Amino acid sequence: MKTILKKPNVTTIVASMLLAVVISFTTACETENTTQGDYADAEYLDLEKYHKDKMKEKDFITMFKAIKRLEISRVNGFYKIKESTAEDLNISPKLFNYITAGFDYSNNILNPKVSIRSKITKLKYGN
């Protein structure tokens with residue numbers, strides 16, 4: 001019995017090699033996913049309809065999930081989105097453009113340089 005414990009048998013060597021291979025592949029895959037982004041393994045998000053009147057509840061939920069993935073900050077009263085591509089968030093480019101266009105629209109409304117008075121046409125009445 002003592003000779004069996006002292007000499008490694010073929011099964012032990014093969015099991016050790018398989019364990020080493022599995023550990024190396026597992027570690028390599030984890031490293032690869034973290035370099036691709038935080039949402040590489042997350043669900044790919046896209047909408048069925050992009051017209052707000054035709055959107056269903058499912059589309060709104062998907063859109064809110066996509067917005068939660070964005071890093072949004074306010075700089076001088078304007079919204080700034082850190083991410084610049086849809087691939088960073090694992091969402092469709094069309095959805096990314098739709099959401100960023102909404103924030104651009106909000107920023108245009110918040111822009112203090114545009115005066116409402118400049119858009120009003122003045123009419124002369126009387127003499």
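Only one entry of Lys58, Lys54, Lys68 meets the criterion of being charged (D, E, K, R) and in a loop (DSSP other than H, G, I, E, B), and that entry is Lys54.
Hey, can you tell me all the residues within the stretch 84-110 that are of a type in the set (A, V, I, L, M, F, W, C), in a loop (DSSP other than H, G, I, E, B) and either more than 23 Å from Ala42 (Cα to Cα) or free of Cβ contacts under 8 Å to residues at least 12 places away in the same chain (or both)? Hit for the stretch 84-110 is Ala86, nothing else.
Can you confirm whether Lys124 is modelled with pLDDT under 85 and either surrounded by 10 or more Cβ atoms within 10 Å (Cβ to Cβ) or more than 17 Å from Asp38 (Cα to Cα) (or both)? Yes; evaluated as a whole, the condition is true for this residue.
The values are calculated or read from the model by the stated rules, or taken from the named source; none is laboratory data. Every value quoted in this text rests on a predicted model; they were computed, and no experiment measured them. Virtual Cβ from ideal backbone geometry, glycine too; neighbours counted across all protein chains shown.
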